[in-house]
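Before any comments, here is the structure.
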Amino acid sequence: MIGWWGIAERAADVPETRAEEIHDDRDRAVEALFSEHRRSLIRLAVLLGADDAEDIVSEAFYHLYRRWRRLRSTDAALAYLRSVVINRTRMRLRHLQVARRQLQRDSGESPAVSSEALALLRDDQRAVVAALASLPDRQREALVLRYWMELREREIADAMGISPGAVKTHVSRGMAALTRAMEERR
């Protein structure tokens with residue numbers, strides 16, 4: 001029989017506690033995800049219409065770091081990051097729409113698009129981006145995740161928080177709308 005002093009002696013022999021190991025694993029894992037996926041997540045936020053894509057991605061990694069222990073598995077981390085980027089972009093766009101409407105009401109002006117941004121895109125690209133921007137949010141998100149991020153339906157469903165069947169519907173309707181818009185342009 002071991003008394004309390006035997007347990008204390010054994011505990012003193014352990015070099016690191018389990019909490020420190022988990023913390024180190026989290027640091028390494030988040031750092032690896034950041035270096036490997038940061039650019040694609042920024043691209044995702046930009047394609048969804050974010051003005052501050054780098055800030056949104058930084059916030060996503062912050063949220064991942066804080067909630068690391070709550071993940072089902074470490075394999076779910078990338079899907080979690082994508083969903084945070086999508087949700088934060090939605091929130092920012094909603095906020096900007098409200099702010100711009102209020103500004104327009106106050107000043108009586110129409111919204112202006114940056115001339116530098118338009119000059120950088122070629123004519124066809126401009127048309128696709130304009131047609132993409134005119135789509136409903138869910139269709140635009142599904143198309144960006146499917147064709148620019150090259151995700152599978154299940155990954156898109158997880159990122160958007162919808163079913164795979166809904167992903168198919170949004171992609172199909174979005175592609176039909178883009179096709180109509182590009183045919184009208186010709």
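Computed from the C-beta positions of Glu59 and Arg185, the FRET efficiency with R₀ = 35 Å rounds to 0.45. Put simply, when 155-161, 69-75, 169-175 are sorted by average Cβ atoms within 10 angstrom per residue, most first, you get 155-161, 169-175, 69-75.
Suppose every Lys and Arg Cβ carries +1 and every Asp and Glu Cβ carries -1, with no other charges. What dipole size does segment 18-111 come out with about its Cα centre, to the nearest 20 debye? Working shown, then result.
Working: 19 positive and 15 negative charges, 108 e Å.
For this selection, approximately 520 debye.
Extension gain for the segment Asp24 to Gln125, taken as residue separation times 0.36 nm less the Cα-Cα distance, is 32.0 nm to one decimal.
If R0 is 25 Å, what FRET efficiency do you get for Asp137 and Leu71 from their C-beta distance, rounded to 0.05?
The computed FRET efficiency comes out at 0.45.
No value in this document is a laboratory result; all are computed from the given coordinates. Owing to the predicted nature of the structure, the values given are computational and were not obtained by experimental measurement. When we count neighbours, we look across all protein chains shown, and the Cβ atoms used for this are built from the backbone with ideal geometry, even at glycine.
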